[in-house]
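One structure below.
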Amino acid sequence: MSVLRFFTRRSTAPAARERLQLLLAHERAVFGRADLVALLQDEILAVIAKHVAIDPEKVRVKLDRQDSWATLEVDIEIRSPATGPLKMAG
Amino acid sequence: MAEVLVVTSGKGGVGKTTSTAALGAALAQTGQSVVVVDFDVGLRNLDLVMGAERRVVYDLINVVQGDANLNQALIRDKRIDTLSLLPASQTRDKDALTAEGVERVVNELKGRFDWIICDSPAGIERGAYFAMRHADLAVIVTNPEVSSVRDSDRIIGLLDSKTEKAERGETIEKLLLLTRYDPVRAERGDMLKVDDVLEILSISLLGIIPESPEVLKASNLGSPVTLSNPISAPARAYADAARRLRGETIQMTVPSEKKRFFGNLFGRRAAA
């Protein structure tokens, strides 16, 4: 090993880290983070529940994956204004 | 209340069986009653690592199929009487496992032990699926190396979808056991660091097992490393991990070998 190479030796762990992060971001999208739908359902619910009264039982989240596209279907039944405050933000 | 724990990894050769034996023994050393179950049907090795290979008469398949009962198949460890082994079959294949049979055996074990530790086969096939199926928590054995981390990520996905707990809508607890870790190489930048692996997999850490010749010495002898050399670095790391499993808070360190003055003075000695 030349003296120059000794002093310019680059560590390899950062490369491993970057390659893994890229690869896994892709693989998780393909295989699906198995808990993705449940996770989405929880978080979407939490955001909506901040502003609108909703019945957690009447929420349906469906993820449909095809080769080149995917759809996320969210079906939420909102309680009538008589039974709960209805105040939409935005 | 019995805890069912699966030791899994996806990738082979990262230390699942070694870790099952060491964690099982370490938990048993704290007074808990523990059974380690080998799910690697056709390629059993937990019996060998535990030093019980000549005591196997009946196995998991025999119990699953009702040809033997648990009392006949369980092998009690000769060193720690709170530790037992349920070996896998060497002659049958994974198709001999049935969902109902495995469930019945796990439920029966729950009534007898504090901990049921399931040693998963490598891969994501039937055997691995049955090993994780009834788990309350999972220990994911990972080497600080790209292929092992990738396979662990796949296994985490399966744990979140294929386990009974996941199907009930609950989250299965997933803990990282980083094995063959070399702090010097990690510091030098030639090995993924603990934090890198934790960040990539986003699960919590159970323990860091340093790379050590003591692990091979222990398997040569057929003894969990926590029993063959309790003061060695990997044994202390496994013992700490076992105490964390029991809910204790122990500072996370990478144990290193203690210099033995007399050992150095009198030269090298074969493992006793």
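Things to note:
- Restricting B:T171, B:T142 to those that are within 14 Å of chain A (Cβ to nearest Cβ), more than 20 Å from the chain's Cα centre (by Cα) and among the hydroxyl-bearing types (S, T, Y) reduces the list to B:T171.
- Residue pairs meeting the criteria (Cβ under 6 Å; at least 6 apart or on separate chains; first in a loop (DSSP other than H, G, I, E, B), in the range B:132-144; second among the charged types (D, E, K, R)): B:H134/B:E164; B:D136/B:E3; B:N143/B:R180
- Of B:V63, B:V35, all but one fail to be in a strand (DSSP E or B), touching a residue at least 12 places away in the same chain (Cβ under 8 Å) and within 19 Å of B:E108 (Cβ to Cβ); the exception is B:V35.
- Taken over the range B:147-186, the residue count meeting the criterion of being surrounded by fewer than 17 Cβ atoms within 10 Å (Cβ to Cβ) and aliphatic (A, V, I, L, M) is 1.
- When B:V34, B:V41, B:V64 are screened for being at negative phi, at pLDDT below 95 and under 18 Å from the mean Cα position of the chain (by Cα), only B:V41 passes.
- Some residue of the range B:97-107 being surrounded by 15 or more Cβ atoms within 10 Å (Cβ to Cβ) and assigned to a loop (DSSP other than H, G, I, E, B): yes
- In the range B:148-164, the residues that are outside any loop (DSSP other than H, G, I, E, B) and in contact with a strand residue (DSSP E or B) (Cβ under 9 Å, 6 or more places away or on another chain): B:S148, B:V149, B:D151, B:S152, B:I155, B:I156, B:L158, B:L159, B:D160
The values are calculated or read from the model by the stated rules, or taken from the named source; none is laboratory data. All figures in this text were calculated on a predicted structure; none of them were measured in a lab. Please note: Cβ atoms are built from the backbone with ideal geometry, for glycine as well, and neighbour counts cover all protein chains shown.
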